[in-house]
Structure formats: C-alpha cells, structure tokens
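First the structure, in the form of structure tokens, and then the observations on it.
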C-alpha cells in the first residue's frame, strides 16, 4: 500500500493505492494490499448502508492477507459484484494499481473508488487507517509508514 494524492478540481484528495494487483488473476503477493481490500469488504459487509444483496457476498470475505486469484475466492466474488453494481467500465474481479491521473477514461481506478467509499464510512479517521478500530496488522504498518512523523496516539 502507498499513499496516492489525487487532484480534484481546486484541491487534492489523499487516497490509498495498492502496490500490486489484487483479485482475479492478480499478483496477490502483498499482504498489506490484499488485507486492505479484504478489510474494506469485511467492513462494507457489516455496514447497514450496504444493500442487503451485497452484504451477504461482502460478509463472506475474511481478512487473511491472501487471495488465490480464482473466481471462487470470496474476495474475487466481492470485487466482481461491486464492479458490476457500480457499472465500472472494467468488470474483471481485480483491483489494479492506479496510475497517471487516476482514471480509466472518465472513471476513477477502482482502488480509488474503494478509498472514497472507505472515507465516507470513517470520515473522522480517514486517511489514518491505523486509527480505525480493527485495522489489520499489515495495513496498520503501511499506514503508519506513509505518515511522516506521526503524532503519538494516546
């Protein structure tokens, strides 16, 4: 995981990006990247604002830091369903690394769209993932490493 600063009109948004692709046919070799995406779906699966038909699929995702990259992996199922329901231009069950201006045509890379939704779920903590209760260890380490001289947490 790494920080991604995205220009948005007259201001900049801080989002999180992955170092490697996660999901169907993805590299899936970075525990922080895989855990971040799994964590998002685990939280979204428990969030009452998530439509019920998605909650069941998202709720099957466990935070293990591993994804086998096949269509049967619960994370791949969650990503695919989410891409379909958001009418993302690429429905492939994979989270790709955001590059360049952060868009595929006129649509943001999916990892950035997840970050924006994550920010809405936890507006007071965002982008400090390490301050969100239950932050998985690899994500916590990546979040802290991205913050220059973080203040002590009391």
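Bear in mind these aren't lab numbers, they're just calculated from the coordinates by the rules spelled out. Please read these numbers as outputs of a predicted model, since none were measured by experiment. Counting neighbours? That spans all protein chains shown, and the Cβs are built from the backbone with ideal geometry, glycine included.
Among 15, 114, 86, which one moves the most in a GNM of the chain with springs linking Cα atoms closer than 10 Å?
For the chain, modelled as a Gaussian network with Cα springs under 10 Å, the answer is 86.
Tell me, what is the FRET efficiency for residue 8 and residue 99 to the nearest 0.05, using R0 = 22 angstrom and their Cβ-Cβ distance as r?
On the way: r = 17 Å, r/R0 = 0.77.
Calculated value: 0.85.
Compare 91, 34, 18 in a GNM of the chain, Cα atoms joined below 10 Å, and give the one with the largest fluctuation.
Checking each option, the largest mean-square fluctuation is seen for 91.
Using packing as a proxy for protection, rank 134-144, 21-31 so that the peptide with the highest average count of other Cβ atoms within 10 Å comes first.
On the way: 134-144: 18.4, 21-31: 20.6.
My ranking of the peptides, most packed first, is 21-31, 134-144.
Ranking 126, 39, 16 by Cβ neighbours within 10 Å, fewest first, what do you get? Working shown, then result.
On the way: 126 18, 39 21, 16 26.
So the residues, fewest neighbours to most, are 126, 39, 16.
Would you please classify the overall shape of segment 13-82 from the alpha carbon gyration tensor, given that a ≥ b ≥ c denote the square roots of the eigenvalues, rounded means a/c under 1.5, and beyond that prolate means a/b larger than b/c while oblate covers the rest?
oblate
With a cut-off of 8 Å between alpha carbons and a minimum separation of six or more residues, what is the relative contact order of the chain in percent?
24
For residue 120 and residue 86, calculate 0.36 nm times their separation in residues minus their Cα-Cα distance, and state this gained length in nm to one decimal.
Values: separation 34, 0.36 × 34 = 12.24 nm, distance 1.61 nm.
My answer for the length gained is 10.6 nm.
What's the extension gain from residue 71 to residue 55 if we count 0.36 nm per residue and subtract their Cα-Cα distance? Kindly include the intermediate steps, with their values, before the conclusion.
Working: separation 16, 0.36 × 16 = 5.76 nm, distance 1.83 nm.
Full extension from residue 71 to residue 55 adds 3.9 nm.
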